[in-house]
Amino acid sequence: MRFIVIAFAALACLKVWTQDKLYRSAMSAALIDAYRERAQQVCSRESAKHGTPGSGPWTSAAEITVGSNVASVMLWDYDNPLWDVRYRHPHLVLTSGGARSLTCSYDLKVGVAFVKAL
C-alpha cells in the first residue's frame, strides 16, 4: 500500500513538472515571437545612440528572463522604485552578431533596452 501511494505521488509530481515545463516553454516562445522585431529595433537604436561601433545585426538567439541586473537594487530594498525592474519585469535578451560581442536586455513591460558589451 505504501508503494502505491509513493508511486501516485511521484506520478503527480511528474505531471505537474511536465505541465509547468510545457507552459513555460510555450510562453517563452510566444513572447519571443511577439516582441523580437520591436526589441531588435530598440536595441539597434540604443547601441547606435551610445556609439558602440561594430555592433552588427541582433541575432535570432533570444531568451526570456525575469528581472535584469541593470538596476543595482538589493533584494530587501523593496521600497526602491527600480525594484520591479530588477526582480519582476520580463526581459528579452538578444546578442549581437557583429565584430563586438554585445548583449541587449529589452524590458517588455516598459519598452526600454539596455545594451552591454561583453
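The values are calculated or read from the model by the stated rules, or taken from the named source; none is laboratory data. These numbers were taken from a predicted model, which means no experiment stands behind them. Backbone-built Cβ (ideal geometry, glycine too); neighbour counts: all protein chains shown.
Listed here are the residues, each with its yes/no results for (1) modelled with pLDDT under 95; (2) more than 19 Å from His91 (Cβ to Cβ); (3) of a type in the set (Gly, Ala, Ser).
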residue	(1), (2), (3)
Met1	yes, yes, no
Ile4	no, yes, no
Phe8	no, yes, no
Thr18	no, yes, no
Leu22	no, yes, no
Gln41	yes, no, no
- [ ] Kindly indicate the residue of the stretch 71-118 that is hydroxyl-bearing (Ser, Thr, Tyr) and touching a strand residue (DSSP E or B) at 6+ places or on another chain (Cβ under 9 Å) and also nearest to Arg36 (Cα to Cα) among those meeting that condition.
- [x] Tyr106
Open item on the list: From the list Ala39, Ala30, exactly one residue is closer than 15 Å to Ala62 by Cα, small (Gly, Ala, Ser), touching a Cys at 6+ places or on another chain (Cβ under 8 Å) and in a helix (DSSP H, G or I). Which is it?
Closed with: Ala39
